[in-house]
Structure formats: structure tokens, C-alpha cells
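Visitor: Below is the structure I would like to discuss, written out as C-alpha cells.
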Protein chains: 4
Amino acid sequence: MDGSGEKLRVGVIGATGYGGMELVRLLLGHPHVSLTYVTSETFQGQPLGEVLPHFRGFTNLTLHSFDPTYATNSRDLLFLAWQPGRAMEVAPELLKHGVRIIDLSADYRLKSADLYERVYKQRHASPKLLAEAAYGIPELWGDAVKTARVVACPGCYPTGALLGLAPLLSEGVIDPADVIVNAASGVSGAGRSKFELGFHFPEMDENYRPYNVTGHRHRPEIEQQMTALCGEEARIVFAPHLVPMARGELCTVYCRLTRPITPEEAQGAFERFYSGRPFVQVLPQGQLPATKNVLGTNMCHLGVAVDTHANRVIVMSAVDNLVRGTAGQAVQNMNLMFGFPETAGLMLPGQYP
Amino acid sequence: MDGSGEKLRVGVIGATGYGGMELVRLLLGHPHVSLTYVTSETFQGQPLGEVLPHFRGFTNLTLHSFDPTYATNSRDLLFLAWQPGRAMEVAPELLKHGVRIIDLSADYRLKSADLYERVYKQRHASPKLLAEAAYGIPELWGDAVKTARVVACPGCYPTGALLGLAPLLSEGVIDPADVIVNAASGVSGAGRSKFELGFHFPEMDENYRPYNVTGHRHRPEIEQQMTALCGEEARIVFAPHLVPMARGELCTVYCRLTRPITPEEAQGAFERFYSGRPFVQVLPQGQLPATKNVLGTNMCHLGVAVDTHANRVIVMSAVDNLVRGTAGQAVQNMNLMFGFPETAGLMLPGQYP
Amino acid sequence: MDGSGEKLRVGVIGATGYGGMELVRLLLGHPHVSLTYVTSETFQGQPLGEVLPHFRGFTNLTLHSFDPTYATNSRDLLFLAWQPGRAMEVAPELLKHGVRIIDLSADYRLKSADLYERVYKQRHASPKLLAEAAYGIPELWGDAVKTARVVACPGCYPTGALLGLAPLLSEGVIDPADVIVNAASGVSGAGRSKFELGFHFPEMDENYRPYNVTGHRHRPEIEQQMTALCGEEARIVFAPHLVPMARGELCTVYCRLTRPITPEEAQGAFERFYSGRPFVQVLPQGQLPATKNVLGTNMCHLGVAVDTHANRVIVMSAVDNLVRGTAGQAVQNMNLMFGFPETAGLMLPGQYP
Amino acid sequence: MDGSGEKLRVGVIGATGYGGMELVRLLLGHPHVSLTYVTSETFQGQPLGEVLPHFRGFTNLTLHSFDPTYATNSRDLLFLAWQPGRAMEVAPELLKHGVRIIDLSADYRLKSADLYERVYKQRHASPKLLAEAAYGIPELWGDAVKTARVVACPGCYPTGALLGLAPLLSEGVIDPADVIVNAASGVSGAGRSKFELGFHFPEMDENYRPYNVTGHRHRPEIEQQMTALCGEEARIVFAPHLVPMARGELCTVYCRLTRPITPEEAQGAFERFYSGRPFVQVLPQGQLPATKNVLGTNMCHLGVAVDTHANRVIVMSAVDNLVRGTAGQAVQNMNLMFGFPETAGLMLPGQYP
């Protein structure tokens, strides 16, 4: 991949879930990539455009069953877009064949096998890779991403929360042990195969509801990465909510200030921290993000407000859970891993409204 | 109104806004009330069922222009469902004619004229009534409501937040100076006359967004009432968000514990506090509220979770912003003021789904 | 049931589907009814308010398993709100015990066992009852309903279409063999137990789609009842569509005129036909119905437009699929069957917006 | 524009309406175009990315006031995305300066000044251009588009209806004087500046409603173009409806067969007619379109069903009203006008779900 015109050969393993199909969408438009392999156990043998009619006419790809040998043959990179628990089983073998991996599941996000076991209630199948895997938020850990064989691509909640927290942790003005992350997500965050009663249209429509407010698996992951950023133990409340919309995610993050700062200082800290970064937009002071403004794109919109009355700073962070929170960030990571411009294939605005 | 069969004669002043029309809906079904006067400056002279087609066939009421003399003649109670700022101009005169008043605007919610002026940026027109007015959350200040001439009926955010906070403040287990209220509301909360770009269907649809996260006028009101409950100075963050749905409101309230409590203790405190109260449902431990479950009713659903990891208790409180947050609570207050059963006219389940 | 104060004792068989739960809602508020039996095979033994949290605090009913002996003991009327195919198995036995039946399934809607078999691909289990059962649209076949032991309560599409067609068929100005019914329904019409991918929130949200445009089972039913109204063979196109909303149904019916009529004549025909009928509102000329205006109520809103250019009359008919299209019409039928005022328990306006 | 690498210089006049902003989105990603001029009277002088936050970081364009001299200077093509009535005033002058024009308003869609005056209730300001303007549906009138100075780009309803009707008219199997077009559109079809009560989120949410069922301006336009296709007088019913979604449009078209055809014949006629056309997808027999499957793309999905019972053929046609119904079709027309591949800039799949 030296820019000589040859394209990167990639595969999407698990192409009919919401994350996988969004990867396909983005990769089909990527100038330096040739998407040559898409898999689905359920729909193997069928054209992608028949299984997913929104792809009709845009691609002739056919879905295959996953086969590790075939998958790695003449492939440079595999995106693993499976349900949790499967990537860790096959990754070691895939790596042996020389491909690199971007995993969109939770399998390589936690750094310790012990923590993984406590959180996911099962033993990790390839614990040696945990330390090696890069945590794929390019603005924060891009250097590690560049050279990694395995990138653990985080989901929407950690991505939104950490992008919002990083400038404040870096500045040292908040207490990492007193942070509240109130998160809200569109329903596609629940995945495509899990169509239970709670996600049945008549039940979820006109409904807003919290879930799993004390035990969500993203909490230890966010804390781990906060500590990586500031060197101190982090301790957060993480409370997710479902919003009656298909896509979009917004974290409202409440942090206790360890010293008074002005709104201008806070604004300045964010603008400096993300200066020159194409996919993080710090909104002008006083302007707040809205999920609709980032739909379909890899952008993260950040708004920051200082609440002097309560001695807190409030950060609001909006992303598209399926782009910046999944497939777009994976492509951004790929760009870093293979020396493409960071923005390659990701510079199209989203549909609005 | 002695139960002899004669009905209470009431009027709704401002009947074509969302709060006013919901009042009409509930009062038409109330067994002890005769709704004899509905007003609208814009539509005076027109049958209510023509202006608002969902009332066609349910009532023959015609809209009138507001006239204080006519309004008070043969009327026992007036609901003032105007935009803020108008009730305080006319209330003194109305009271002289012997009617009692339930005001659904913000005019009588704050107890001090100074605070009112700081918050609403104008002088209060009838400051003497501020101290007299009862703050109308029946479960918390029902005794004052019973005898009040003027009841200030609070909106959805303070109602939801305060019903969620009261048991904890009463129990003395949280720090009232370290409370975060993350609130989310359906768009009807913005009113019916304010159809600006942000509420245009294509812009608000599939959108979730915070607004006014440090300067909302409900903050000082909630703090004032928290202090009334616990005797200490309260200091909260209040951050409201808009959700793409017509109705419903949910507060997620994060409180710092001043001493450790178990989930069972927390649950017990809530159940004791609201024991026997028909309109507050403390959900079984582990179950969380959803806005859809309270739509159309005067119910408040409460869920409580103890986050031992972060030493916080999380209370989630769901109400229908137009019923428990506006018109239903007004009717509940009326029931108390006139000695009707608290549940009169309010015991119909809502439409689901 | 002679108005002496004793209440009608009724049961809802299948109380946790959308139709059943709406029946419970309406029956709890009915002045002449005592709801004493609600069943669910899945949730037997559990309080209704725990299974369906929107009922919390409104009722103490507990769900039972269905037992024909218990069901008929001390019961005057049973509402059967099962999936299709079950009512026809048990109805004969239930009738023997002296109860009357309102069936909300399709089992007794077609008049001939042959037609039933062609349409539903199975033999009818109690064909003798087919002729006896009254087709329960009170404005059109109310006399038969009054004395029927079994009322077949039609669904939303036939109800909306037939209420819209009846005045024109009665007037003899349209060709019953050239009618197009374009129908659109909220997703609750698909039921509560059928949560397949197509109704998964992210898939149905922001989506509008036709289904089953030539083979829907409601077509022969509508034609049968059109013929009952006009004495001629009817032949229609019936094309249903799903709309991303929970409730509401609107038929746009296109009829070929057999002689020219003016808009005023058409309007007059509708107004005469439904004069004095509380649950059909013929909108003023030029005004068109909207599903939102009938939500939660038993109303049918009708708008009529004459298209002189194309020699057609267009009737638009809006109902709430779960009230006028299911539970509300069932209650209206019950009122007729037992001599209550037609409007008893049904005169509350719906929630708006 | 000879493929030598120089880019086409284009401007979007009226860039902050829904059509205009969608044009900007597509043109920013077009490989052969340089978008150098975007206008807005309201927001002139402001960066596009500040006025429309979903463009933040994707473009540095600044909004200008419209100036005909500046607009035409060094510009090859102007997209006019104004409200109706303005393009016809300025087009003659713009043409004098040598630019070509794609007009997205209704100004040049009707071929006769008389008809224009009857339909739009005003005189046409540049009637001589009416005959010259090409009607821009590339699959149907692409040859005229290629050489036109002015292309009248039709809206979503005519585009969807005509793409659905063309194969049948061409085949001569339907009566063009007996066609019913039942159309349904997302609310963005109403535009961005028209935020009246009917489009206020709480009023339009959970609502489905017909409007203007006999007098819509698209009727004569569709009939004019049907006649252009088949040589006979067309006479249709055109009844539009609003659906509670932001985007998407679906026409259900009912046509009377003049001779019996089998479903296979109908299917074959459609497949032949659109063979090789990248932006019309004839779905496999038995499969029906859904608006969600075309969102964000220039695709038109067609489903066809033969209703032998009623002797009609039903065509269902789904488009994104802002892409195939507005901006995408404009770009497709541009591609034809300037010799680019028809698909240039339009081959990205849409966001799903």
C-alpha cells in the first residue's frame, strides 16, 4: 500500500449486522480500498443487494460463509463485525496468515484478562493479544493504532464519552473519580438480530427509557481509558438511555471541577486539544450539539458549558453510533494503519434532514 | 361543593394550548365538575370542536374571549393556562370576586419577588400573592394546597425531579448540594404556539439534543423546593434535553450519598414515602421506568438504583409532561382544594401503545 | 342488565395483546360494566399491572389461564381477543353456558364456510355460527348486533373502508365493482406478539411501505359487506401500507361515479347518512381527516372530495385501529347488545398531541 | 468539460433549503465538479458550516447574496433551488451569460404558458423558455436533457409516478385516462421555511394525513408528461399524503388494464424498460419497495403487482424525495448535460437504518 495505485484488499466478516453493513457502505466509497469479501452465515450464497435492498445496484458482492483460510488469502485487512465472543477465538489464527485486524466487538477493548472475565463472565480465549491490541480512538491513541496488528475499535458510548473527557483530563481540571456520563442512543445501538419486544416498533416508538444504569459493560472500559489518559483512578457513573430514533448517540458528561475555570478557558482547552483534527468539531461557545447534525458521518460534535453555580463542567458529545461509534471510526483506524490520509473515504457530509 | 350533587363550576383560561386542551380533556370526564367557560383570544367565537378536531363530538363548548367579570361570575375555580407573565397581572382582581385559582404558568412558583425578578428578568406584578400561593405537588405540599386561594401548579421538570428527590431528602441520605438532574422531554413541552425551525418536524425528527443546560429557569425553582423539603441549601445541575416524541418526560437524577445505603434500604425508603399515594408508583427493585408507561395519566413512575461503585443513588422519574406535568396535577390539586377524592376524574389508564 | 344498578359481568380473553389491553382500558372506565376476568396463557397468575406497567395503580386484576367453565360462570359477556382460529373452536361451548360473545378475531366475519376456507386456508370449526353472527359495525348493522349471541367485531381496515363507502353505496352513485381502497396503518395493527425484523424499531422507523397489495384477507370481507349494503357484486382493490407510527389508520377510497354529483351533494349524503350518530364525524366540506385527531377514541372522521376531473369521489376515513378498529367498537357493540346508551364508556376525548 | 481534468464550475442558488443543501452534499462529493458559489439571502456572509452544522468540517464555502453577474462569471452551470416564481424572472438573463441552468422549482415544468397560468395563478415571466426547457427525468427524456440550456428538474411526486407509469404506457396495456396515484411523502417535502402549525413536531408526529387531494399542482404536470409518453390524453387522480418521517416518498399507482396480462408479463415489461439503467431498480416479482431502502440515494425502487381480481395493475415506486426527487436527479441531469458518466457522484449507498 504505497500509493502506487494498488488497492488495499479488505474483508468484512459479518456484513449484515448494522455495523457490518455500514462498513460496506463506507468501504464501497473508499478510494484506496477494494472490498473483496463479505460474509454472513445466515445469508451465504446470496447477493448482498438482495439480502439488503438498500445496496441494490451499488454492488455485486455476494455473501460468503466465513472461512479463515479463504478470508486471509490475498487479504490485507479484515474487519470483524461479529457478536462479542467470536473474534477472540479466531484472531490468533488470522494473524498468523499475515492479515491485520480491526475488531468491532468488545473482545479486545479491555486490557486485562481478569477484568475481561469479571465484566463478560467468561474466560478470554486469546489473552495474550489483549495487551497488544490498540484501543482505536485515533485522536487519542493514534500512534498505537498505526502499527497495531489488532485494533479494538470502541463502540459509541466510550467513543463519545472519551472524546468529551480527554481535553479536561489532559488539562487536569476535573476529578476523574467524580464523573457522571448520562448517555442516550438510538435503537440501532441494540443491534439488528435482537428484535425483542422492547424494540418492537409500537413499544419503542414515543418512548424514552433508561436501562442498565449501574451495570453496563462500557463503564469499566471507559474508566480504563480515562486512567490511561490521566494516570489516576477513574470512577464514573454510566447511565445509558434509549431514544426513539434509529441512529445517533449523545453523552452528557458532568465533571466536578478541581479548580475554577471560566467558560473561555474550557472552550480554549477543547479547541487546542482538537486543533487540526478533522473529525472532532468543537462547537462555538454557547452552541450545543444535536445528534441529527452528525448522522451519517464520522464527526464528533462537542459542546462545553461551565456551570459555576454547581462547580461542574458539562460536556456534550454527539456521534452517529454506527459511523463514529462503529464503522467510520474503523475506517479512520484503517487509514492510520495503512498510511492513507486520515480522512480518506470519510469526507462526505451526511443526509440532512 | 359539599357533595350534595351540585357540580363545581370551572373555567379554563387559555384552552387551545397543549396544557389548556389537556385540562379540557380531563375536566370533561370529571364527575364533580362542570366546565362552563373556555377561552382563546385567537379563536373566540368558534366551537372548540372545530378549532381542535380531536374534540369534535365530545363537547359543544364555544371559545370565548377572556373577560374577568364574566370569568368569575358563577365560577368557583379558574385554571389559568396562559403564557408566563399574564396570570400575575389579573390574579388579584379575580380573587376579589371570590374564585380560587390554579395557575399553570410560572408566575407564582417562586416564593420571593427578588428571585422572580432575577430569574424572569421582569418585576412581579402581584408580589404579595407569592408567599400565599401553594406549590402544587399534592404528595409533598398537599396540606397547603387544600386551603390555598392560589395554587402554583409546577411544570413537568420540577414535578418529576422533586417527586424523585423527596424520599431521599426526607431520609437525609444525600447531599442536597451535589445533585445532577438530567432531564429529557417530548417536544410538546415547548408549547403549541412556538413553532420555530428547531421544532419543525424534519428538524426535530430523529434528533436528540440538550438545551439551556446551565441557565434553565426551573433550576432555582427546584432548588427552592428542595430546600423546603430538607431545610438545607440545595445546589443542582439541571440539564434538559429534547427527545423526538410528542409527550413524556423522564428525569435521571444523580445524588451523592452521605452514608452508604443498600438497594433494599433505598427501595424501602421510596416505598414508605409514597405508601398509599395513588399517583406515585415505586417500581419493583431492578425495574426502570419508561415514559410510554405513563402517557395520558397522572402517574409518576419511580425507579431507584444504588451505584455503590460511585457512591451515588440514581433516581429515574417518568411522567407525562402534559398530565402529571401540567393538567392532571392541576386536577389533582383541584380535588384537594374542593374536598373531592384525590383520584376523582383521574383514574383512567392511558392509551398504550 | 335493566339499569337497576347491577353491572354487566364481563371477561376479556386474551388481555395482553394490543386489542385485549385496550379493551381492559375502556372497560375499567365503563359505568355499567364489571370486568371480572382477564386471561393470558403466558402470564397467568401475575397481576395485570406488573405485566403491563401502564396499568399499575389502575387495577388489581390478576391474569388467569383460560378455562371455559370458569369463564362462563357468573359472566354475561366474553370478549375473545385471541389470535385468529381459536374463537371458532370454543365459541359453541361458551354459548351453551349462556354467555354472549364479542369476537375480535376474524373467525366469524365471513358469512360462508366456503369463503372462509378459501381465504383462511383451513376449515371453519363452527360453520353453523357463521350465518348467525352479526357483523359488528353499529352504524350499519346495529339492529342485528342488538340481539346477536355472537358479534364478529371487524378490524380497522373494513371498519374504516365500510363507514366511508356506506353513504355512497346507499345513495347509489358509485360503481361497487370499481373501488380502490388505499389503506395505511400504524404498526400496532401487526399485533404485539409478532415482533419480527420488519417491525424492529430501526427497520420500521422512518419507513413507509406497502404489503400484501393483492391478497389481503380483508378484501373479500369488505366486498361481502359492500354487497350486503348495496345488493350488487362488489369488486375492489385493497392495498394496505405501514406507516411509522404506533396507532391510527386511514383509508383513502377512490370510487367511480355512476352519475355526476356536486361536492355539496356528496357532503349532504354523508351528513344525512350519519346524522345523529355520535361516533362518525363528517368533517366540514374541504376539511380532511388526520389520524392523530381520532387517537384514543371510538370516532371515525370522514372527509369527502369530488374529483370532477377524473369522475371519482374520494372518501378519506380515519380511525384509531385499536379503538374504533378493535376495542372501542367492541364496547359500542356491547352497549347495543345490553341496552346501554351507545356512548356509555366511550365519551372521553383522546390525548392530543 | 472534455475530461481533460478541468472541473465543471457550478453554483447552487438557494443553498439553505432542503433541496439546496442536498445539492451541496452531493456536489461536494462529485469527482468532476467544483462547487464555487452558494447563496442565501438570509445568511449571506456566513460560512455554510455555521449556518448548517451538519456541514461543519466538510466545506469552507461561505454563503453569498445572489448576484446575476457574479453568479455567471466563470460558472458553467447554475442550480436554481429557489421557491417557485423566481427562476422564471432571472433565467433569461443568466442564459445570456452562457451558463446552463437546472431549475429545481416548478417554473419550467409545464410546457404551455396558458396551463402555467391556470395552475399557478400568475403569468409566466419567460414563456419562450417553456418549450425549450427539457423535462429532466433522464431515463425518460435523457436525450433532450443532454443538449438543453434549461432543464426543469421535476419533484418527487411526478418523478416517482412517471417512472412507475412509463413501462405500462409504453407497453400500451393501461388506460391513461383511468389512473389513480396515491402518493405519500415525508415532511421535508413541505420545505424548510414553511414551519407552520401542521408541521410542528408534536402535531405531525404520529400523524398520517391526506392533503390537497383534488387540486395539487403536480396533477397537470404528471398528465402532461404521461401524454408525452403515450400520445393519448391522460386523466388521473392525484392524492398526496403526509407521513411522519423526514424523508422518503412512495407512490402507489392503480392502473386499469386494457387487456389481461400476467404478473410475469408485467414484470418483464418493467425489467426490459429499465434494463441497463443504473438508477431504477425493478424489484424481483413479489417484492415490494419501502422508502427506507432508497434513502440518501438517487435510486427509484419499483414493485409491480397484477390484480387480476379487479383488472388493475398496481405499481409502487419509492424514491428519496430530496435525492431522486430533487438534488440527485439534478446531478444526474448535470451528468448528462456535460458528458459525464450518468452515475458520477451518485454511486454511494445510503445510510441504513
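For every residue, the table says whether it meets (1) small (Gly, Ala, Ser); (2) within 30 Å of B:ARG219 (Cα to Cα); (3) in a helix (DSSP H, G or I); (4) more than 12 Å from chain B (Cβ to nearest Cβ).
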| position | (1), (2), (3), (4) |
| --- | --- |
| A:SER317 | yes, yes, no, no |
| A:GLY328 | yes, no, yes, yes |
| A:PRO341 | no, no, no, yes |
| A:GLN351 | no, no, no, no |
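Visitor: Here is a further query. Please go through (1) touching a helix residue (DSSP H, G or I) at 6+ places or on another chain (Cβ under 8 Å); (2) of a type outside the set (Phe, Trp, Tyr); (3) part of a helix (DSSP H, G or I); (4) surrounded by fewer than 23 Cβ atoms within 10 Å (Cβ to Cβ) for B:ARG192 and return the number of the only condition it doesn't satisfy.
Guide: Unmet condition: (3).
Visitor: Would you be able to say whether some residue in region C:28-50 is within 18 Å of the chain's Cα centre (by Cα), of a type in the set (Val, Ile, Thr) and in a loop (DSSP other than H, G, I, E, B)?
Guide: No, that holds for no residue.
Visitor: Determine whether region B:323-339 contains at least one residue that is within 18 Å of the chain's Cα centre (by Cα), buried (at least 24 other Cβ atoms within 10 Å of the Cβ) and of a type in the set (Ser, Thr, Tyr).
Guide: There is at least one residue in region B:323-339 that is within 18 Å of the chain's Cα centre (by Cα), buried (at least 24 other Cβ atoms within 10 Å of the Cβ) and of a type in the set (Ser, Thr, Tyr).
Visitor: Any residue in region B:289-300 that is within 12 Å of chain A (Cβ to nearest Cβ), more than 30 Å from D:PRO244 (Cβ to Cβ), among the aliphatic types (A, V, I, L, M) and touching a residue at least 12 places away in the same chain (Cβ under 8 Å)?
Guide: No, there is no match, as no residue in region B:289-300 is within 12 Å of chain A (Cβ to nearest Cβ), more than 30 Å from D:PRO244 (Cβ to Cβ), among the aliphatic types (A, V, I, L, M) and touching a residue at least 12 places away in the same chain (Cβ under 8 Å).
Visitor: Right, next: Among the listed residues C:SER185, C:SER170, which satisfies the condition of being closer than 23 Å to D:VAL253 by Cβ, of a type in the set (Gly, Ala, Ser) and assigned by TED's automatic domain parsing to the domain that holds C:ARG277?
Guide: Answer to the check: C:SER185.
Visitor: While we're looking at this one, here's another question. Filter region B:248-265 down to residues that are more than 7 Å from every other protein chain (Cβ to nearest Cβ) and under 30 Å from D:ASP205 (Cβ atoms), then give me how many there are.
Guide: Looking only at that region, the number is 3.
Visitor: Same structure, new question: Select from region B:72-126 the residues that are over 20 Å from B:GLY325 (Cα atoms) and among the aliphatic types (A, V, I, L, M) and list them in ascending order.
Guide: Selection gives B:MET88, B:VAL90, B:ALA91, B:LEU94, B:LEU95, B:VAL99, B:ALA113, B:LEU115, B:VAL119, B:ALA125.
Visitor: Mind counting the residues in region C:168-186 that are buried (at least 24 other Cβ atoms within 10 Å of the Cβ) and within 11 Å of chain D (Cβ to nearest Cβ)?
Guide: Counting residues in region C:168-186 that are buried (at least 24 other Cβ atoms within 10 Å of the Cβ) and within 11 Å of chain D (Cβ to nearest Cβ) gives 8.
Visitor: Among the residues of region D:269-282, are any under 26 Å from C:ARG217 (Cα atoms) and either within 20 Å of the chain's Cα centre (by Cα) or modelled with pLDDT of 95 or more (or both)?
Guide: No, every residue in region D:269-282 fails to be under 26 Å from C:ARG217 (Cα atoms) and either within 20 Å of the chain's Cα centre (by Cα) or modelled with pLDDT of 95 or more (or both).
Visitor: Can you give me the ranges of the helices (runs of 4 or more DSSP H) entirely in region A:96-172 with at least 1 residues that are modelled with pLDDT of 95 or more and within 16 Å of A:PHE79 (Cβ to Cβ)?
Guide: A:138-147
Visitor: So D:CYS230 passes all but one of these: (1) more than 9 Å from chain C (Cβ to nearest Cβ); (2) in contact (Cβ under 8 Å) with a residue 24 or more places away in the chain; (3) more than 23 Å from D:ARG272 (Cβ to Cβ). Which condition number does it fail?
Guide: (3)
Visitor: Could you please find all residues in region B:195-205 being more than 12 Å from chain A (Cβ to nearest Cβ) and in contact with a helix residue (DSSP H, G or I) (Cβ under 7 Å, 6 or more places away or on another chain)?
Guide: Within region B:195-205, B:PHE195, B:PHE199 qualify.
Visitor: In addition: Could you please let me know if D:ASN298 is assigned to a loop (DSSP other than H, G, I, E, B), at pLDDT 95 or above and touching a Leu at 6+ places or on another chain (Cβ under 6 Å)?
Guide: yes
Visitor: If a residue has to be part of a loop (DSSP other than H, G, I, E, B) and either in contact with a helix residue (DSSP H, G or I) (Cβ under 7 Å, 6 or more places away or on another chain) or buried (at least 24 other Cβ atoms within 10 Å of the Cβ) (or both) to count, how many in region A:206-255 make the cut?
Guide: 13
Visitor: Go through (1) within 10 Å of another protein chain (Cβ to nearest Cβ); (2) in contact (Cβ under 8 Å) with a residue 24 or more places away in the chain; (3) on the phi < 0 side of the Ramachandran plot for B:GLN281 and report which single condition fails.
Guide: Condition (2) is where B:GLN281 drops out.
Visitor: Picking from A:THR297, A:THR291, which residue would you name as being out of contact with any helix residue (DSSP H, G or I) (no Cβ under 7 Å at 6 or more places or on another chain), within 28 Å of A:LEU26 (Cα to Cα) and in the same structural domain as A:ILE236 (by TED's automatic domain parsing)?
Guide: Exactly one residue qualifies, and that residue is A:THR291.
Visitor: Restricting to region B:43-85, name every residue that is of a type in the set (Gly, Ala, Ser), more than 27 Å from B:HIS124 (Cα to Cα) and surrounded by 14 or more Cβ atoms within 10 Å (Cβ to Cβ).
Guide: B:GLY49, B:GLY57
Visitor: Looking only at region D:108-122, how many residues end up being surrounded by 11 or more Cβ atoms within 10 Å (Cβ to Cβ), within 16 Å of D:GLN83 (Cα to Cα) and free of Cβ contacts under 8 Å to residues at least 40 places away in the same chain?
Guide: So the count comes out to 2.
Visitor: Hey, any hits in region C:266-288 for a residue that's within 19 Å of D:MET204 (Cα to Cα), assigned to a strand (DSSP E or B) and out of contact with any helix residue (DSSP H, G or I) (no Cβ under 6 Å at 6 or more places or on another chain)?
Guide: There is no residue in region C:266-288 that is within 19 Å of D:MET204 (Cα to Cα), assigned to a strand (DSSP E or B) and out of contact with any helix residue (DSSP H, G or I) (no Cβ under 6 Å at 6 or more places or on another chain).
Visitor: Also: Here are some residues: D:VAL10, D:VAL90. Which one is part of a strand (DSSP E or B) and among the hydrophobic types (A, V, I, L, M, F, W, C)?
Guide: D:VAL10
The values are calculated or read from the model by the stated rules, or taken from the named source; none is laboratory data. Just so we're clear, the structure is a prediction, and the values are computed from it rather than from any experiment. Heads up, the Cβs are rebuilt from the backbone with ideal geometry, glycines too, and the neighbour counts pull from every protein chain shown.
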